[in-house]
């Protein structure tokens, strides 16, 4: 891929903002919920910790060492070798994932809205298996299981129904050990999980500059297990963060680096993916927005800055909408978002299939997103300027006014273009003859085609039995 010149920053801007990040962490710090074990680990690493107040300050030299320790290349593992993801992606583009944590499900047949069930999640995984542009998957929130173990059910359902990498968001401190145990069981043991991390974990800040016990525990246990950690800051401009966008970028980066530092203090070399997931507050309604112009611009800027200043892999929304349905607004917002994040150098585009600020999941939107992501990857694949691609021989040997339809060169390259599955290229007459189907109609046809197939990615029965036993144990110990 040819690199993009698109940036909100000059080199001077990057250097000044990087200094501000280090200054904020060294002199003002972050606040951790009481966690004696993490406090002890950080103190041993030279971090300044006030155990009484929970205030933690990171001297710049120590923070720079932590950043150096974090690997710049690593893998997100998978059950099948061909599904393993190298970060950064070798072709210079990106990976894509679906949305995480949505409670709402939009029925493909009639757009009816209801709560997500375990069965929906199994079908979601089956659908994703047939979408080549979706590289890994987090779980939706199943509402028909005990709330205390909904994350354990979510992960177990995905492990049994897909062989793609799974991004895990724990819902409680108590469930973390069961989630890691599920990953360890499917991977084949402790060492196998470290060598091939079939799951990776989400840890989040409590913006501004605070961290809950649960997320500290996620960092602690995941680092020890050798799992990649997606360090997520989710500031809302004008709400949990200043309203001005450069300040949001500064705050989000500082929170991400604080999580990176905790992980490296626990286990040097723990893989970290920086996730500056930015929202903005609608000052008219107070609603948090993912796809406002401000949120898009700020998220793009955060990705650009983190990559330029710290050379870390980045992960953010690359799809999604504030709209509640698959309509013109949704397609406009997610297309702008995908393109903006792609040219900003994002390594992982998240949010495929999500609507209503990541609270609802739509199978039809997911199918459309899969296609849009493929188009974007084609756009970003760059150009090759050798004589073959310049068609030099044919150009100099063709008379003015001639055509190239029957040339051997056209025959060699005519299949290289992107061929859509759901977007129509018919003229009006042929489109009407096929029933005047709109994009949703065509996506529904594709949905039925994929869902009528058998799921070839089911987990082996013996491993599925072990997975079910872990879920039963979690229910027994966590459900009140």
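The values are calculated or read from the model by the stated rules, or taken from the named source; none is laboratory data. Since the model is a prediction, treat every value here as computed from it, not as a measurement. Here Cβ is always computed from backbone atoms with ideal geometry, including for glycine, and neighbour counts include all displayed protein chains.
Quick check, is residue 320 in a helix (DSSP H, G or I) and modelled with pLDDT under 95?
So residue 320 fails the test.
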Original post:
Among (1) buried (at least 20 other Cβ atoms within 10 Å of the Cβ); (2) in contact with a strand residue (DSSP E or B) (Cβ under 6 Å, 6 or more places away or on another chain); (3) farther than 28 Å from residue 303 by Cβ, where does residue 56 come up short?
Top reply: (3)
Original post:
Would a scan of the stretch 336-343 turn up a residue that is at pLDDT below 95, over 28 Å from residue 111 (Cβ atoms) and either surrounded by fewer than 23 Cβ atoms within 10 Å (Cβ to Cβ) or in contact with a strand residue (DSSP E or B) (Cβ under 9 Å, 6 or more places away or on another chain) (or both)?
Top reply: yes
**OP:** Please specify each residue of the stretch 171-183 satisfying the condition of being surrounded by fewer than 21 Cβ atoms within 10 Å (Cβ to Cβ) and in a helix (DSSP H, G or I).
**Re:** 177, 181
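Each row is one residue, and each column tells you yes or no for (1) crowded, with 24+ Cβ neighbours inside 10 Å; (2) free of Cβ contacts under 8 Å to residues at least 40 places away in the same chain; (3) at negative phi; (4) not in a helix (DSSP H, G or I).
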site	(1), (2), (3), (4)
222	yes, no, yes, no
227	yes, no, yes, yes
249	yes, no, yes, no
258	yes, no, yes, no
263	yes, no, yes, no
268	no, no, yes, yes
303	yes, no, yes, no
Subject >> Residues satisfying the stated conditions in the stretch 270-300, i.e. surrounded by 24 or more Cβ atoms within 10 Å (Cβ to Cβ) and in a helix (DSSP H, G or I) >> reply: 295, 298, 299, 300
Subject >> Residue that is surrounded by fewer than 18 Cβ atoms within 10 Å (Cβ to Cβ) and modelled with pLDDT of 95 or more, where the choices are 397, 311 >> reply: 311
Original post:
Tell me, which strands (runs of 3 or more DSSP E) wholly within the stretch 96-155 include 1 or more residues that are closer than 24 Å to residue 441 by Cα?
Top reply: 104-106, 113-115
Original post:
Going through the stretch 194-220 one residue at a time, which ones are farther than 22 Å from residue 53 by Cβ and surrounded by fewer than 21 Cβ atoms within 10 Å (Cβ to Cβ)?
Top reply: 194, 195, 196
**OP:** Looking only at the stretch 53-74, decide whether some residue is in a strand (DSSP E or B), over 25 Å from residue 318 (Cα atoms) and touching a residue at least 40 places away in the same chain (Cβ under 8 Å).
**Re:** yes
Original post:
Can you find a residue in the stretch 375-395 that is part of a strand (DSSP E or B) and touching a residue at least 24 places away in the same chain (Cβ under 8 Å)?
Top reply: no
